[in-house]
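Visitor: I have a structure I would like to understand better, so I am pasting it below and will then ask my questions one at a time.
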Amino acid sequence: MAPVLTSELRAQRAPVTAALGADGTPLGLILPALPDLPQAPGATLRVPMPCLGGEACAQQGWWGGAVLQTARTQGRDGLSLHLAQSEDFLWAVAELQVEQDLLGQAQAVYELLLQTVRESGKPQLLRVWNYLPRINAVEDGEERYQTFNRGRRRAFAAAGLSVGMGAPAA
């Protein structure tokens, strides 16, 4: 039997000021890493990329019922995981500085993400948003994006998942 949701998941693209002034606290926000943006509630992903579209660029808020719990944990190798949870949804932000071992780091991030999602009781991934600096740069004869994908695939395989079995579109 499918779980019964008590709230709907809603995404809104808007300037951060509008997102923070909306009804209820968002589970999470995706914002550009600009120094003049206010501190945001929930779990916030600040993306270090250029803002080319004015105040509303790269800003997204996600609501899914009242935020019941937030947590921040530190994993190995500087990996940080910030969570915000409502009754029906889990928003997770994983951040780390990408160093030399992109393949291993991508796998470690996704293993932690998949483990956290599975343990939360909300095991369906709806959306995964990745930001990888210099994504098209070639290192050791391979594009960084391809190396990242191999690490992500390894994590899904280790969790017994494949595309079409609980893995969202990239």
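The values are calculated or read from the model by the stated rules, or taken from the named source; none is laboratory data. In this text the structure is predicted, and so the values were computed from the model without any measurement. Note: ideal-geometry Cβ built from the backbone for every residue, glycine included; neighbour counts use all protein chains shown. Only protein heavy atoms, including side chains, enter the accessible area calculation; ligands, DNA and RNA are left aside. Shrake-Rupley method; radii C 1.70, N 1.55, O 1.52, S 1.80 Å.
Visitor: Among the residues of the stretch 35-68, count how many are in a loop (DSSP other than H, G, I, E, B), open to solvent by less than 40 Å² (accessible area, probe 1.4 Å) and at pLDDT 75 or above.
Guide: So the count comes out to 2.
Visitor: Could you please give the count of residues in the stretch 127-153 that are of a type outside the set (Phe, Trp, Tyr) and in contact (Cβ under 8 Å) with a residue 60 or more places away in the chain?
Guide: To start, the set of residues in the stretch 127-153 that are of a type outside the set (Phe, Trp, Tyr) comprises 127-128, 130, 132-144, 146-147, 149-153.
Next, from what is left, pick out any that are in contact (Cβ under 8 Å) with a residue 60 or more places away in the chain: 133.
Summing the residues that are of a type outside the set (Phe, Trp, Tyr) and in contact (Cβ under 8 Å) with a residue 60 or more places away in the chain in the stretch 127-153 gives 1.
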